[in-house]
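The values are calculated or read from the model by the stated rules, or taken from the named source; none is laboratory data. Computed from a predicted model, the values in this text were never measured in an experiment. Cβ: placed from backbone, ideal geometry, glycine included. Neighbour counts: every protein chain shown.
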Amino acid sequence: MPQLRVRPCAELLDLLLGLTSPEFWNTAGADLRSRMDRARAIVVQHPYRILANSMTVAGYRNGPVEELHAGRASGYAMNRRRATDQQSRELMRFTSERLAAVLSGFRPWKRHSGHPWSWPENLAGIYISPYLSPGNWSLCELSCPIHLGAHGC
């Protein structure tokens, strides 16, 4: 596979930085602050898992793979490869751009001046975000069972 540089997804990086910024907390209404206060107890216990789950959702799950999982892949039967070469490239580019943004520019453990919360408490905004938080994913299981159905394929 050729080694190409991808342009990090600035939109995702801005979203992550915004949700962990002092401005997000300072401009939040009472209901949002209350939700973040409740989430703080959870994020302190599982900060790395919350980051990993959020990276997976934003960098992979909320992208072209949804079309493939929904059976909208064209070109191949269900018992064979389900993605065309073009669809595979699109998925790789999508994932690479988003992971590059997270891995190169997001440092939630760095202290922001003026922020009332420090690491890992400042992940509360990410944890309550419907775009970045997979609400039903485990924060403590090593893995979850995968059921492939009656056909086993």
Notebook entry, point to check: Can you name every residue in segment 87-112 that is aliphatic (A, V, I, L, M) and touching a residue at least 24 places away in the same chain (Cβ under 8 Å)?
Noted result: Leu91, Leu99, Ala100, Ala101, Val102
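Residues checked against (1) surrounded by 15 or more Cβ atoms within 10 Å (Cβ to Cβ); (2) modelled with pLDDT of 80 or more; (3) acidic (Asp, Glu); (4) in contact with an Asp or Glu (Cβ under 9 Å, 6 or more places away or on another chain):
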| position | (1), (2), (3), (4) |
| --- | --- |
| Ile42 | yes, yes, no, no |
| Leu51 | yes, yes, no, no |
| Met55 | yes, yes, no, no |
| Ala58 | yes, yes, no, no |
| Gly63 | yes, yes, no, yes |
| His69 | no, no, no, no |
| Ala73 | yes, no, no, yes |
| Asn79 | no, no, no, no |
| Arg82 | yes, no, no, no |
Margin query: I'd like the full set of residues that are farther than 19 Å from Arg111 by Cα and surrounded by 17 or more Cβ atoms within 10 Å (Cβ to Cβ), limited to segment 1-38.
Written below: Pro8, Cys9, Leu12
Next item on the list: Go through segment 116-148 and give me each residue that's farther than 20 Å from Asn62 by Cα, assigned to a loop (DSSP other than H, G, I, E, B) and in contact (Cβ under 8 Å) with a residue 12 or more places away in the chain.
Entry: Pro116, Trp117, Trp119, Pro120, Cys140
Item checked: Output for segment 101-143, where each listed residue is of a type in the set (A, V, I, L, M) and out of contact with any helix residue (DSSP H, G or I) (no Cβ under 8 Å at 6 or more places or on another chain) -> Leu103, Leu142
